[in-house]
């Protein structure tokens, strides 16, 4: 049976890097909503330009937009056949409820990659992306705490949340993530 997973964590926690490695190791499809939105912005589509404006200010793209994009992607044949690892979605309880309405029991694991606010701020400033201004970083981290952090309780209530320490080397973090995924895939 294909594995359905979510990776959660503050921006700058290494989710994207680790998600790519996990997806490759377990043969699941990595779905990064951030990459999907940045690609739409670069393509200059109406949705993409709207999303770029919202992201540049450090705000979150509305649920109505992102839910549709993710649902469409999860219904593609490669995901249905191979499983998925969502990176950057869901960010709110409302998005999680929408997600469960179309993946239901296919979602087996939500991993919270824990890294402190101080560490993620330093990492984001160091990577130098256009949307990583000090103001935008502060705003995104504030939004994470108010909107995304309640997801941790939501996934805990469903018995699928695992917290993984995101500190240390990339390989150390990856080894911890592999252990978490293997534990769930053996059940």
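Values quoted throughout were computed directly from the atomic coordinates according to the rules given, and no laboratory measurement underlies them. Just so it is clear, the model here is predicted, and its values are computed rather than measured. All Cβ positions, glycine included, derive from the backbone under ideal geometry; neighbour counts span all protein chains shown.
Miscellaneous remarks
- Relative counts (whole %) of C-alpha pair distances in the range 89-187, using bins that are 5 Å wide: 2, 11, 18, 19, 20, 16, 10, 3, 0
- Inverse of mean 1/r across different Cα pairs in the range 1-106, Kirkwood, Å: 14.2
- Full extension of the segment from residue 117 to residue 142, taken as 0.36 nm per residue of separation minus the current Cα-Cα distance, would add 8.0 nm.
- With N counted as the residues of the range 67-142, its alpha-carbon radius of gyration over 2.2 N^0.38 Å works out to 1.36.
- For the chain, the Cα-based Rg and Dmax, in that order, read 15.7, 44 Å.
- Top of 75, 85, 60 by mean-square fluctuation, Gaussian network on the chain, Cα under 10 Å: 75
- Here is how the number arises for the chain: DSSP H runs of 4 or more residues each give -39500 (n - 2.57), the sum is divided by the residue count, and the result at 222 nm is -17500 deg cm²/dmol.
- Relative contact order for the chain: 33 percent, from Cα pairs under 8 Å spaced at least 6 residues apart, divided by residue count.
- Ordered by the number of other Cβ atoms lying within 10 Å of each residue's own Cβ, fewest first, 71, 15, 52 fall into the sequence 71, 52, 15.
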